[in-house]
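Asker: One structure, as structure tokens, below. Some questions next.
The values are calculated or read from the model by the stated rules, or taken from the named source; none is laboratory data. Note that the structure is predicted; figures quoted are calculated from it, not measured. Here the Cβ positions follow ideal geometry from the backbone for every residue, glycine too, while neighbour counts run over all protein chains shown.
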Amino acid sequence: MSLLPIPNGLVVLTLDDGNKSDFTYVAPLLKQYGFSATFYIRPLAKRGKC
């Protein structure tokens, strides 16, 4: 397997709080501007079960 060089100016976006606003506000803005991100969702965290 050959590895590709990392491009200059690379940005990694991660969102790990699992807020509904990430999906309703952030995701459409990322799509609008041609970005992607990784969303970490923890559904039980809001209920104090994690």
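Asker: Of everything in the stretch 5-21 that's within 18 Å of Ile41 (Cβ to Cβ) and among the polar types (S, T, N, Q), which residue is modelled with the lowest pLDDT?
Answerer: Among them, the one singled out is Asn19.
Asker: Quick one: in the stretch 1-44, which of the residues that are of a type in the set (Val, Ile, Thr) and assigned to a loop (DSSP other than H, G, I, E, B) is surrounded by the most Cβ atoms within 10 Å (Cβ to Cβ)?
Answerer: If we take residues in the stretch 1-44 being of a type in the set (Val, Ile, Thr) and assigned to a loop (DSSP other than H, G, I, E, B), then Ile41 is surrounded by the most Cβ atoms within 10 Å (Cβ to Cβ).
Asker: Does the stretch 14-34 hold any residues that are touching a strand residue (DSSP E or B) at 6+ places or on another chain (Cβ under 7 Å) and touching a residue at least 12 places away in the same chain (Cβ under 8 Å), and which are they?
Answerer: Hits for the stretch 14-34 are Thr14, Leu15, Asp22.
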